[in-house]
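Peer 1: Okay, here's the structure, questions in a sec.
The values are calculated or read from the model by the stated rules, or taken from the named source; none is laboratory data. Predicted model, so just to flag it, every value in this text is computed and none were measured. Using ideal geometry, Cβ is built from the backbone for each residue, glycine included, and neighbour counts are taken over all protein chains shown.
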Amino acid sequence: MDLPVGYLDTHSHGDVMSRMTNDIENISTTVSQSLPSLFSGVLTILGTVIMMLWYCWELALLSCATVLLTVCATKILSKKVRKFSRRRQQLLGTLNGTVEEMISGYRTVVAYNYQHTEVENFCQISDDLTKAGIRTDIFSGVMGPIMNCIGNIGFVIIAAFGGYGCGGRVSAC
(Lines give C-alpha, C1' and ligand atoms only; values in the text may rest on other atoms or scores of the structure.)
Protein backbone atom coordinates (compact mmCIF):
# COMPACT_ATOMS: atom_id res chain seq x y z
CA MET A 1 0.00 0.00 0.00
CA ASP A 2 1.32 3.43 -0.90
CA LEU A 3 1.22 6.26 1.60
CA PRO A 4 1.26 9.75 0.10
CA VAL A 5 3.74 12.26 1.47
CA GLY A 6 0.85 14.61 2.20
CA TYR A 7 -0.39 12.16 4.83
CA LEU A 8 2.90 12.43 6.70
CA ASP A 9 2.71 16.22 6.50
CA THR A 10 -0.76 16.35 8.04
CA HIS A 11 -0.28 13.69 10.75
CA SER A 12 2.24 13.67 13.59
CA HIS A 13 4.99 11.07 13.76
CA GLY A 14 3.52 9.64 16.95
CA ASP A 15 0.13 9.24 15.28
CA VAL A 16 1.63 7.36 12.33
CA MET A 17 3.70 5.10 14.59
CA SER A 18 0.79 4.43 16.94
CA ARG A 19 -1.57 3.51 14.11
CA MET A 20 1.01 1.26 12.53
CA THR A 21 1.83 -0.67 15.71
CA ASN A 22 -1.81 -0.92 16.85
CA ASP A 23 -2.99 -2.06 13.41
CA ILE A 24 -0.28 -4.71 13.15
CA GLU A 25 -1.16 -5.98 16.63
CA ASN A 26 -4.87 -6.15 15.76
CA ILE A 27 -4.17 -8.05 12.53
CA SER A 28 -1.88 -10.46 14.36
CA THR A 29 -4.52 -11.13 17.01
CA THR A 30 -7.21 -11.69 14.37
CA VAL A 31 -5.10 -14.11 12.35
CA SER A 32 -3.90 -16.12 15.33
CA GLN A 33 -7.18 -16.34 17.25
CA SER A 34 -10.22 -15.59 15.11
CA LEU A 35 -9.55 -17.39 11.83
CA PRO A 36 -9.12 -20.90 13.30
CA SER A 37 -12.29 -20.41 15.36
CA LEU A 38 -14.16 -19.20 12.29
CA PHE A 39 -13.09 -22.23 10.23
CA SER A 40 -14.08 -24.65 12.99
CA GLY A 41 -17.40 -22.87 13.48
CA VAL A 42 -18.26 -23.00 9.78
CA LEU A 43 -17.60 -26.75 9.64
CA THR A 44 -19.67 -27.33 12.76
CA ILE A 45 -22.58 -25.30 11.43
CA LEU A 46 -22.49 -27.02 8.06
CA GLY A 47 -22.56 -30.48 9.66
CA THR A 48 -25.33 -29.47 12.03
CA VAL A 49 -27.53 -28.09 9.25
CA ILE A 50 -27.11 -31.25 7.19
CA MET A 51 -28.12 -33.44 10.14
CA MET A 52 -31.06 -31.21 11.01
CA LEU A 53 -32.37 -31.29 7.44
CA TRP A 54 -31.98 -35.08 7.44
CA TYR A 55 -34.12 -35.62 10.56
CA CYS A 56 -36.77 -32.85 10.45
CA TRP A 57 -36.67 -30.14 7.83
CA GLU A 58 -39.41 -28.08 9.57
CA LEU A 59 -37.31 -27.73 12.71
CA ALA A 60 -34.29 -26.98 10.56
CA LEU A 61 -36.12 -24.08 8.90
CA LEU A 62 -37.26 -22.80 12.28
CA SER A 63 -33.68 -22.95 13.51
CA CYS A 64 -32.50 -21.08 10.43
CA ALA A 65 -35.02 -18.31 11.19
CA THR A 66 -33.50 -17.96 14.66
CA VAL A 67 -30.02 -17.84 13.13
CA LEU A 68 -31.14 -15.11 10.72
CA LEU A 69 -32.47 -13.07 13.66
CA THR A 70 -29.11 -13.49 15.40
CA VAL A 71 -27.25 -12.41 12.26
CA CYS A 72 -29.40 -9.28 11.94
CA ALA A 73 -28.84 -8.32 15.59
CA THR A 74 -25.10 -8.93 15.22
CA LYS A 75 -24.95 -6.78 12.11
CA ILE A 76 -26.67 -3.87 13.84
CA LEU A 77 -24.49 -4.07 16.94
CA SER A 78 -21.28 -4.63 14.96
CA LYS A 79 -21.92 -1.45 13.01
CA LYS A 80 -22.01 0.54 16.26
CA VAL A 81 -18.93 -1.22 17.64
CA ARG A 82 -16.97 -0.50 14.45
CA LYS A 83 -17.95 3.16 14.53
CA PHE A 84 -16.76 3.67 18.09
CA SER A 85 -13.67 1.46 17.62
CA ARG A 86 -12.56 3.57 14.67
CA ARG A 87 -13.04 6.70 16.71
CA ARG A 88 -11.11 5.19 19.62
CA GLN A 89 -8.19 4.18 17.37
CA GLN A 90 -8.11 7.63 15.76
CA LEU A 91 -8.09 9.35 19.15
CA LEU A 92 -5.43 6.96 20.47
CA GLY A 93 -3.20 7.86 17.53
CA THR A 94 -3.83 11.57 18.07
CA LEU A 95 -3.10 11.28 21.79
CA ASN A 96 0.12 9.33 21.21
CA GLY A 97 1.17 11.86 18.56
CA THR A 98 0.49 14.75 20.91
CA VAL A 99 2.49 13.16 23.71
CA GLU A 100 5.41 12.31 21.43
CA GLU A 101 5.54 15.81 19.94
CA MET A 102 5.27 17.52 23.32
CA ILE A 103 8.05 15.41 24.78
CA SER A 104 10.36 15.85 21.80
CA GLY A 105 9.45 19.55 21.50
CA TYR A 106 9.44 20.31 25.21
CA ARG A 107 11.84 23.24 24.91
CA THR A 108 9.72 24.81 22.17
CA VAL A 109 6.54 24.42 24.23
CA VAL A 110 8.20 26.06 27.22
CA ALA A 111 9.80 28.79 25.10
CA TYR A 112 6.41 29.86 23.70
CA ASN A 113 4.65 29.31 27.05
CA TYR A 114 2.25 26.70 25.62
CA GLN A 115 2.28 24.40 28.64
CA HIS A 116 -1.27 25.27 29.75
CA THR A 117 -2.63 25.02 26.20
CA GLU A 118 -1.00 21.64 25.64
CA VAL A 119 -2.24 20.28 28.96
CA GLU A 120 -5.80 21.34 28.05
CA ASN A 121 -5.39 19.80 24.57
CA PHE A 122 -4.12 16.55 26.10
CA CYS A 123 -6.95 16.42 28.64
CA GLN A 124 -9.58 17.03 25.94
CA ILE A 125 -8.23 14.28 23.69
CA SER A 126 -7.88 11.93 26.68
CA ASP A 127 -11.49 12.58 27.75
CA ASP A 128 -12.74 11.96 24.20
CA LEU A 129 -10.69 8.74 24.05
CA THR A 130 -12.20 7.58 27.35
CA LYS A 131 -15.75 8.27 26.14
CA ALA A 132 -15.14 6.45 22.85
CA GLY A 133 -13.63 3.51 24.75
CA ILE A 134 -16.61 3.32 27.10
CA ARG A 135 -19.05 3.35 24.19
CA THR A 136 -17.08 0.65 22.40
CA ASP A 137 -17.01 -1.50 25.53
CA ILE A 138 -20.74 -1.02 26.16
CA PHE A 139 -21.77 -2.11 22.67
CA SER A 140 -19.23 -4.95 22.67
CA GLY A 141 -20.37 -6.12 26.10
CA VAL A 142 -24.07 -6.05 25.31
CA MET A 143 -23.64 -8.22 22.22
CA GLY A 144 -23.16 -11.48 24.16
CA PRO A 145 -26.25 -11.18 26.38
CA ILE A 146 -28.43 -10.20 23.41
CA MET A 147 -27.19 -13.23 21.43
CA ASN A 148 -27.83 -15.48 24.45
CA CYS A 149 -31.35 -14.09 24.81
CA ILE A 150 -32.14 -14.68 21.13
CA GLY A 151 -30.65 -18.17 21.39
CA ASN A 152 -32.71 -19.02 24.48
CA ILE A 153 -35.95 -17.76 22.93
CA GLY A 154 -35.16 -19.75 19.79
CA PHE A 155 -34.47 -22.84 21.87
CA VAL A 156 -37.85 -22.57 23.61
CA ILE A 157 -39.69 -22.11 20.30
CA ILE A 158 -37.86 -25.01 18.67
CA ALA A 159 -38.37 -27.27 21.70
CA ALA A 160 -42.09 -26.47 21.80
CA PHE A 161 -42.52 -27.01 18.06
CA GLY A 162 -40.35 -30.13 18.13
CA GLY A 163 -42.35 -31.63 20.96
CA TYR A 164 -45.64 -30.81 19.35
CA GLY A 165 -45.06 -30.90 15.60
CA CYS A 166 -42.19 -33.27 14.84
CA GLY A 167 -42.40 -35.42 17.95
CA GLY A 168 -43.93 -38.44 16.25
CA ARG A 169 -41.60 -38.50 13.24
CA VAL A 170 -38.20 -38.41 14.95
CA SER A 171 -37.40 -41.66 16.69
CA ALA A 172 -35.54 -41.46 19.96
CA CYS A 173 -32.46 -43.64 20.30
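Peer 1: Return the total of residues in region 10-47 being polar (S, T, N, Q) and over 30 Å from GLY105 (Cβ atoms).
Peer 2: 9
Peer 1: Right, another one. Within region 96-108, is there a residue that is assigned to a helix (DSSP H, G or I), under 14 Å from the mean Cα position of the chain (by Cα) and without any contact (Cβ under 8 Å) to a residue 60 or more places away in the chain? Walk me through how you get there before you give the answer.
Peer 2: As a first pass, look at region 96-108 and keep what is assigned to a helix (DSSP H, G or I): 96-104, 106-108.
Filter once more, so that each one left must be under 14 Å from the mean Cα position of the chain (by Cα): none.
Looking for residues that are assigned to a helix (DSSP H, G or I), under 14 Å from the mean Cα position of the chain (by Cα) and without any contact (Cβ under 8 Å) to a residue 60 or more places away in the chain, one finds none in region 96-108, hence no.
Peer 1: Moving on. In this structure, does LYS79 turn out to be more than 17 Å from GLY151 (Cβ to Cβ), modelled with pLDDT of 85 or more and surrounded by fewer than 17 Cβ atoms within 10 Å (Cβ to Cβ)?
Peer 2: Yes.
Peer 1: Kindly indicate whether THR70 is surrounded by fewer than 12 Cβ atoms within 10 Å (Cβ to Cβ) and not acidic (Asp, Glu).
Peer 2: Numbers: surrounded by fewer than 12 Cβ atoms within 10 Å (Cβ to Cβ): no; not acidic (Asp, Glu): yes.
Taking the combined requirement at face value, the residue does not satisfy it.
Peer 1: Could you list, in sequence order, all residues of region 56-73 that are part of a helix (DSSP H, G or I) and closer than 11 Å to GLY165 by Cβ?
Peer 2: GLU58, LEU59, LEU62
Peer 1: Still on this structure, I have one more. Which of the residues that make up region 139-167 are among the small types (Gly, Ala, Ser) and more than 22 Å from TRP57 (Cβ to Cβ)?
Peer 2: Across region 139-167, the qualifying residues are SER140, GLY141, GLY144.
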